[in-house]
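For reference, the structure is listed below as structure tokens.
The values are calculated or read from the model by the stated rules, or taken from the named source; none is laboratory data. Note that the structure is a prediction, hence the values are computed from the model and not measured. Cβ placement follows ideal geometry from the backbone for every residue including glycine, while neighbour counts extend to all protein chains displayed. Remember, those area values only see protein heavy atoms, side chains included, never the ligands or the DNA or RNA. Shrake-Rupley method; radii C 1.70, N 1.55, O 1.52, S 1.80 Å.
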Amino acid sequence: MTDAPTDPDKAGDPVEAGQQKGAVAGPDGRLRCPWGLSAPEYVAYHDDEWGRPVHGDQVIFERLCLEAFQSGLSWLTILRKRENFRKAFAGFDIPAVAAFTDTDVARLLADAGIVRNRAKINAAITNARAALELGVGLSDLVWGFAETGPRPAPRTLADIPPQTAASQALAKELRKRGFVFTGPVTVYAAMQACGLVNDHLEGCFARIPGDNR
């Protein structure tokens with residue numbers, strides 16, 4: 001998304017209905033972001049992962065790759081194929097993916113369990129190789145662009161931007177370092193997913209009180 005204004009991590013996919021809706025109660029009575037109730041996979045992702053800070057080169061690399069694969073598709077599609085992606089891409093181990101050859105690309109293009117898009121597959125390999133060339137770890141680089149100043153919690157999905165100055169700056173830095181498929185909207189979705197910002201709506205139980213990331 002931006003992740004939350006739409007399906008989680010679904011960059012640039014505006015919600016036609018309910019954009020002005022705030023947190024809503026689920027079957028268990030807890031208030032959630034509206035997208036977090038649209039499918040069982042979303043409930044688990046919203047409750048346990050999205051917006052919670054994560055660190056580590058491998059997990060950050062995975063999120064960046066999945067956000068790139070999601071572009072133009074529903075994030076639900078990516079969630080349902082996530083374990084297939086992990087198997088196909090060696091658990092998103094950066095050195096392993098960086099060593100992929102044309103044979104691996106052919107294997108991936110034949111794998112119906114993932115999104116078979118040659119440009120996105122090549123992007124994952126390119127980005128793994130770029131990550132190996134960083135003077136700092138990928139996680140440290142990405143977290144260096146986390147917003148430090150407090151900002152008010154979004155009240156509705158319409159309050160969540162598709163990109164920010166921080167995501168634009170990080171996208172520019174990644175491009176300079178040789179990364180591809182990492183535009184500011186895709187990068188902002190990854191920042192949301194990895195907890196660099198907190199775009200859970202005001203009232204959502206997953207928003208930790210006092211957390212104004």
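So is V142 open to solvent by less than 40 Å² (accessible area, probe 1.4 Å), under 17 Å from the mean Cα position of the chain (by Cα) and within 25 Å of H200 (Cβ to Cβ) or not? Yes, satisfied.
Kindly evaluate V105 against the criterion of being of a type outside the set (D, E, K, R), modelled with pLDDT of 95 or more, in a helix (DSSP H, G or I) and open to solvent by less than 20 Å² (accessible area, probe 1.4 Å).
Yes: the conditions hold for V105.
Conditions (1) in a helix (DSSP H, G or I); (2) open to solvent by 10 Å² or more (accessible area, probe 1.4 Å); (3) touching a strand residue (DSSP E or B) at 6+ places or on another chain (Cβ under 8 Å), marked per residue:
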| residue | (1), (2), (3) |
| --- | --- |
| S167 | yes, no, no |
| V185 | yes, yes, no |
| Y188 | yes, no, no |
| V197 | no, no, no |
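Of all residues in region 40-72, those being open to solvent by less than 10 Å² (accessible area, probe 1.4 Å) and outside any helix (DSSP H, G or I) number 2.
Screening the candidates A44, A39 for the property of being under 17 Å from Q192 (Cβ atoms) and of a type in the set (A, V, I, L, M) yields one hit, A44.
Take the conditions open to solvent by less than 40 Å² (accessible area, probe 1.4 Å) and under 17 Å from the mean Cα position of the chain (by Cα) and apply them to A153. Does it pass?
In short, no.
Residue selection: L201 satisfies the criterion of being in contact with a strand residue (DSSP E or B) (Cβ under 9 Å, 6 or more places away or on another chain) and aliphatic (A, V, I, L, M).
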